[in-house]
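The values are calculated or read from the model by the stated rules, or taken from the named source; none is laboratory data. If you're wondering where the values come from, they're calculated on a predicted model, not measured in any experiment. Here the Cβ positions follow ideal geometry from the backbone for every residue, glycine too, while neighbour counts run over all protein chains shown. In case anyone asks, the SASA skips ligands and DNA or RNA and just uses the protein heavy atoms, side chains included. Shrake-Rupley method; radii C 1.70, N 1.55, O 1.52, S 1.80 Å.
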Amino acid sequence: MLVLSGIAIIIVGFALGVNPLLVVTVAAFASAAAAGHGPVEVVAMIGKAFVSSRFMAVAWLALPTIGLLERAGLRERARAIVVRLRGATAGRVLLGYLALRQITAALGLTALGGHVQMVRPIVAPMAEGAHSGDAGPALAPVHDPATRDRIRAHAAAVDNIGLFFGEDVFIAIGSILLIRAILEQEGIVVAPLHVALWAIPTAIAASVVHGVRLLLLDRRLRARRG
């Protein structure tokens, strides 16, 4: 049972707000030590895992690209485009992105969105611009920090929910294969297509529930402004 001590370290470390990288590293060394592995062997295993999964570091190449685009005015252009739309509000803009994110994820196009490449530079500024245009002068920035943070939090949540409940509809996604493997271990044989089909009602329910939350967001923003 001492091998599971790493889990306890992670729980306590995260609860105390310690640096996540430090917590995970200490937890890895603690679990490895309990399993009889030395420090050098642990470092070797971490290095091997990093090298074998180095393709995951490709995502970091998007950071300088997004930074250059933001410096060139990407956020301002996104805000300027949405304020021209009549009747646009923060909730309606995010509702449109929710539908887009969920549909594309259901088709297997999970890389089309994301917090770094879509939410921060495009979706959140568009939602803020829609709220500014709905509130009064076009392109007026959202000065209230609480309102700005609320809009940005909902923008991030839309991406998470759209991806999480949309990708399970695609039969070749890792989560479908994981569900199938777990069920087979319990003696339940299912086809990936059947798992994907049963994910459709859940995706629709998630879209409806979060869509209502986004419409309530507009109501709360108007009440706060009033």
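If you scan segment 180-200, which residues turn out to be assigned to a helix (DSSP H, G or I) and either under 21 Å from the mean Cα position of the chain (by Cα) or of a type in the set (Gly, Ala, Ser) (or both)? Talk me through it step by step, then tell me what you get.
Let us first name the residues in segment 180-200 that are assigned to a helix (DSSP H, G or I), namely 180-185, 192-200.
Within segment 180-200, Ala181, Ala196, Ala199, Ile200 meet the criteria.
Among the residues of segment 165-192, write down those that are surrounded by 13 or more Cβ atoms within 10 Å (Cβ to Cβ) and among the polar types (S, T, N, Q).
Ser175, the sole residue that qualifies.
Checking the structure you have, find out if any residue of segment 149-161 is open to solvent by 40 Å² or more (accessible area, probe 1.4 Å), of a type in the set (S, T, N, Q) and either assigned to a helix (DSSP H, G or I) or modelled with pLDDT of 90 or more (or both). Spell out the reasoning first.
From segment 149-161, those open to solvent by 40 Å² or more (accessible area, probe 1.4 Å) are 149-150, 152-153, 160; that's our starting set.
Filter once more, keeping what is of a type in the set (S, T, N, Q): 160.
Keeping just the survivors that are either assigned to a helix (DSSP H, G or I) or modelled with pLDDT of 90 or more (or both) gives 160.
Taking every residue of segment 149-161 in turn, at least one turns out to be open to solvent by 40 Å² or more (accessible area, probe 1.4 Å), of a type in the set (S, T, N, Q) and either assigned to a helix (DSSP H, G or I) or modelled with pLDDT of 90 or more (or both).
Restricting attention to segment 78-87, report how many residues are more than 23 Å from the chain's Cα centre (by Cα), part of a helix (DSSP H, G or I) and at pLDDT 75 or above. Break it down into steps so the answer makes sense when it comes.
Applying the first criterion (more than 23 Å from the chain's Cα centre (by Cα)) to segment 78-87 yields 80-81, 83-87.
This time we only want the ones that are part of a helix (DSSP H, G or I), so: 80-81, 83.
If we keep only those that are at pLDDT 75 or above too, we end up with 80-81.
The number of residues fulfilling the criteria is 2.
State yes or no: is Leu16 touching a residue at least 24 places away in the same chain (Cβ under 8 Å) and open to solvent by 70 Å² or more (accessible area, probe 1.4 Å)? Quick ask: steps written out before the conclusion?
Values: touching a residue at least 24 places away in the same chain (Cβ under 8 Å): no; open to solvent by 70 Å² or more (accessible area, probe 1.4 Å): yes.
Answer is no for this residue.
May I ask you to list the residues in segment 63-83 that are open to solvent by less than 80 Å² (accessible area, probe 1.4 Å) and over 18 Å from Gly114 (Cα atoms)?
Within segment 63-83, Gly73, Arg79, Ala80, Val82, Val83 meet the criteria.
Collect the residues in segment 195-214 that are surrounded by 13 or more Cβ atoms within 10 Å (Cβ to Cβ) and within 13 Å of His154 (Cα to Cα), keeping them in residue-number order.
His210, Gly211, Arg213, Leu214
Exactly one of these conditions fails for Arg219: (1) closer than 21 Å to Gly113 by Cα; (2) at pLDDT 85 or above; (3) exposed (fewer than 12 other Cβ atoms within 10 Å of the Cβ). Give me its number.
(1)
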